[in-house]
Structures are given as structure tokens and as C-alpha cells.
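A.B. asks: My questions all concern the structure below.
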Amino acid sequence: MNLSPLSRRGFLAGTAAAGALGLLSACGYQDDQSSSDSAATWRFTDDRGRKLDGPRPERIVAQVTAAAALWDFGVKSVGIFGPSKLPDGKPDPQAGGVDPNAVTSLGNVWNEFNFDKFVSLNPQLLVSVIYLKQQMWYVPDTLADKVDQAAPSVGIGLQGIAMPEGIAKFEKLAKALGANVDTDAIKQARTQYEQADAKLGEAIKKASGLKVLLVSAQKDTVYVANPPAFATSKHYQDKGMKFVLPDQVDESQGGYYQEVSWENIGKYPADVIMYDSRGGSLSLGPDGLGSVPTWQQLPAVQAGRLVAWNNETPFSYQRFTPELNRLAEALGKFA
């Protein structure tokens, strides 16, 4: 898919992980693991409809979104690709609890995938997420066929689903890969998630009169997000949060956002703004959003009703729970 440089700085992936988005494959997700199989075999069908059947893979290379989710469910990759380090060298939140010293990174930015390193890891499975139909996220188009020939792969579709459904997908995949997803640690994490989710539900009810705007800011433009397109915000919407919706989403980019000039951002008045906090977006500092006059004029900004939003929060109980607690705390102050 040919994309302009501007579209490659699109909303979902931010500056570093740019890319346009499309509709997911219509293939359904299912876990075909057979209870009659031995501990060394597996059967699985991914969201592209690909069926895997045979020896259960142990040497797994995964895109960081998938690697982080699987890691929390007890499946540790030998290699990762995609954003795992920020420009200052600190761990990228997208990598979750992945130990950077225990894995080999094949690339940290969009279109960076070291194929020679990939092959040297003797991979038995590649796992990535899917935003574009049939496209494995962060696997360069120029290498897709070679990667596909080097190892079997699993693609997990994430568009248009809420976080609980995404977490369930990775939990099933981890179980199929042989992980015990009912350890005391995971049970505790699940309980803490349920408690945080209930807390957020109460906070949303108390703040029911507030309208929320989702944005991702770049130097020359701002992206107004379409809440049901993202797993985090779809969950918040399902729980009753009222969002300000973009007038017309860009369907050519998958319906995730509407690109708006900074001069026109005032056409979306909101009581609360949730801003993209990932490394590819402008920060609130004086060299970022703090220097944009039209941003400073927004009512939510003037009232200090701002909440950081990571739309690529790893799909696990351990990573989503802090997001729920932080949002609930903020709404409690705003209500």
C-alpha cells in the first residue's frame, strides 16, 4: 500500500510508527488448541484465517504490542520489533514489562526490521497485531514475503475491539502456546483490573456531564480521534463516557481520525481532553503543545482538564489497570 509521507505520520502510529490503517480481515478469531494433543503440539487459527498445526513453538519473535501482552501472560519472546526504547533511552511504555536485556531487538522504528538478526534467532513463530487488512504491523512490506517464508506467523486483529476483548485474545494465544494463564499472579492482576474497572465505571457516572475529546498532536496538524476505533477509548465509551466525535473521519486511513488544522481545533469544544502521550506526539511542554496559541485557548486546557492517553497500551491486565486508575482519579477531580 503506497502511503504519502504525511499519511505515514498518521494518528495511530504517531510520528515514529507512522502508517495508514484499514479494515480488519473478516476472518474470525478462534483458539483451536486440542485437549487431546500432547504438551508439545498446538493448533491455532489467527485473525487472517491461517491455521497452525504441529509442534508448539518456543522461540517466538513478536511486535512489541504483542510481545508485551504475551509477556504478562507468561510467554516470553526471544526477539521483538517495534518501539521498545524512547529517544532518551528509557523503555517505551508500549513494551510493557518486556525485559530489554532478555530479548533481541530487530528494530525500534517504523520500517526497521533486521532480517538477518531475525533468521539468526532461529524463530519458530512470529506474532504481530493487525490494523491493516492482512498486514502484520511493523513488518516492512519489502520483507513480508521473506519473513513469511522464514517462520510461521500469527496475526491478532485489533481494530474496532475494546480492551477486554483484546486482552482475551492474547490470553487465549498464550494458553495455546503452553502458558498457565491461571497463576496466582495473573489471578491477582485480573482481580485488580476488575476493581479498577468498577472504579472507573463509578467515576464516569459521576462525570457524566463532561464531554471528552481525544487528540494526537503534531507540529503542523492535530488528529481528532474516533473513539470506537481504538481499544482503550472504545472501552471507555462502552462504560458510558461521552466523547466529542470528529465530523468526518478519514475512511481512506481506516476511519481512525480526522485531520484538523490547529487553526480549526476550536470547532471541537470539550470539557476534558485526552491527549496522545506517546513519544511521536507533542508533549505539554513549552516546546510542544505549550507553544501552540490555539491549544492554550481551548476551555479544557484553560481549566486544566487534561489526561494523558496511550492508545497502544499493552493488552494485559497488568498494563491496563494503571490506565483505568489514572483516568478514574482524573475524572474524580474534574466532576
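A.B. asks: Tell me the residue from Ser261, Ser233, Ser216 that is over 18 Å from the mean Cα position of the chain (by Cα) and assigned by TED's automatic domain parsing to the domain that holds Ala328, please.
C.D. replies: Testing whether each residue is over 18 Å from the mean Cα position of the chain (by Cα) and assigned by TED's automatic domain parsing to the domain that holds Ala328 leaves just Ser261.
A.B. asks: Oh, and also: If I ask for residues that are assigned to a helix (DSSP H, G or I) and buried (at least 18 other Cβ atoms within 10 Å of the Cβ), which ones from region 239-268 would you list?
C.D. replies: If the condition is that a residue be assigned to a helix (DSSP H, G or I) and buried (at least 18 other Cβ atoms within 10 Å of the Cβ), then Gln253, Ile265 are the ones that fit.
A.B. asks: Checking the structure you have, find out if any residue of region 287-295 is buried (at least 19 other Cβ atoms within 10 Å of the Cβ), among the acidic types (Asp, Glu) and over 24 Å from Ala207 (Cβ atoms).
C.D. replies: no
A.B. asks: Determine whether Lys219 is at pLDDT 95 or above, out of contact with any Pro (no Cβ under 8 Å at 6 or more places or on another chain) and at negative phi.
C.D. replies: Numbers: at pLDDT 95 or above: no; out of contact with any Pro (no Cβ under 8 Å at 6 or more places or on another chain): yes; at negative phi: yes.
Judged against the criteria, Lys219 is not a match.
A.B. asks: Then there's this: With a cut-off of at least 2 residues that are out of contact with any Phe, Trp or Tyr (no Cβ under 9 Å at 6 or more places or on another chain), name the helices (runs of 4 or more DSSP H) lying wholly within region 279-335.
C.D. replies: 299-302, 317-334
A.B. asks: Oh, and also: Under the condition of being under 22 Å from the mean Cα position of the chain (by Cα) and either among the charged types (D, E, K, R) or not assigned by TED's automatic domain parsing to the domain that holds Ala68 (or both), which residue from region 145-175 is nearest to Gln237 (Cα to Cα)?
C.D. replies: Glu165
A.B. asks: Okay, moving on. Based on this model, can you work out whether Gly89 counts as in a strand (DSSP E or B), at positive phi, over 15 Å from the mean Cα position of the chain (by Cα) and not assigned by TED's automatic domain parsing to the domain that holds Glu312? Walk me through it before giving the result.
C.D. replies: Working: in a strand (DSSP E or B): no; at positive phi: yes; over 15 Å from the mean Cα position of the chain (by Cα): yes; not assigned by TED's automatic domain parsing to the domain that holds Glu312: yes.
Answer is no for this residue.
A.B. asks: Here's something else I'd like to know. Considering only region 146-155, I want to know if a residue exists there that is out of contact with any Pro (no Cβ under 9 Å at 6 or more places or on another chain), modelled with pLDDT under 95 and crowded, with 16+ Cβ neighbours inside 10 Å.
C.D. replies: No, region 146-155 contains no residue that is out of contact with any Pro (no Cβ under 9 Å at 6 or more places or on another chain), modelled with pLDDT under 95 and crowded, with 16+ Cβ neighbours inside 10 Å.
Yes or no, residue by residue, for (1) within 23 Å of the chain's Cα centre (by Cα); (2) at pLDDT below 85:
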position	(1), (2)
Leu282	yes, yes
Arg305	no, no
Gln318	yes, no
Thr321	yes, no
Arg326	yes, no
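A.B. asks: Go through region 269-278 and give me each residue that's at pLDDT below 95 and either surrounded by fewer than 17 Cβ atoms within 10 Å (Cβ to Cβ) or part of a loop (DSSP other than H, G, I, E, B) (or both).
C.D. replies: Once the filter is applied, which keeps residues that are at pLDDT below 95 and either surrounded by fewer than 17 Cβ atoms within 10 Å (Cβ to Cβ) or part of a loop (DSSP other than H, G, I, E, B) (or both), region 269-278 yields Pro269, Ser277, Arg278.
A.B. asks: Might you let me know whether region 205-213 holds any residue that is under 30 Å from Gly266 (Cα atoms), in a helix (DSSP H, G or I) and out of contact with any Pro (no Cβ under 6 Å at 6 or more places or on another chain)?
C.D. replies: yes
A.B. asks: What about Tyr236, is it part of a strand (DSSP E or B), among the aromatic types (Phe, Trp, Tyr) and closer than 21 Å to Val301 by Cβ?
C.D. replies: Details: part of a strand (DSSP E or B): no; among the aromatic types (Phe, Trp, Tyr): yes; closer than 21 Å to Val301 by Cβ: yes.
When the stated conditions are applied, Tyr236 does not pass them.
A.B. asks: Looking at region 111-137, which of its residues are within 23 Å of Arg59 (Cα to Cα), in a loop (DSSP other than H, G, I, E, B) and aromatic (Phe, Trp, Tyr)?
C.D. replies: Across region 111-137, the qualifying residues are Phe113, Trp137.
A.B. asks: Name every residue in region 173-190 that is touching a helix residue (DSSP H, G or I) at 6+ places or on another chain (Cβ under 6 Å), farther than 20 Å from Gly155 by Cβ and assigned to a helix (DSSP H, G or I), in order of residue number.
C.D. replies: If the condition is that a residue be touching a helix residue (DSSP H, G or I) at 6+ places or on another chain (Cβ under 6 Å), farther than 20 Å from Gly155 by Cβ and assigned to a helix (DSSP H, G or I), then Ala189, Arg190 are the ones that fit.
The values are calculated or read from the model by the stated rules, or taken from the named source; none is laboratory data. The structure displayed is predicted, hence computed values, not measured ones. We place every Cβ from the backbone using ideal geometry, glycine too, and count neighbours over all the protein chains shown.
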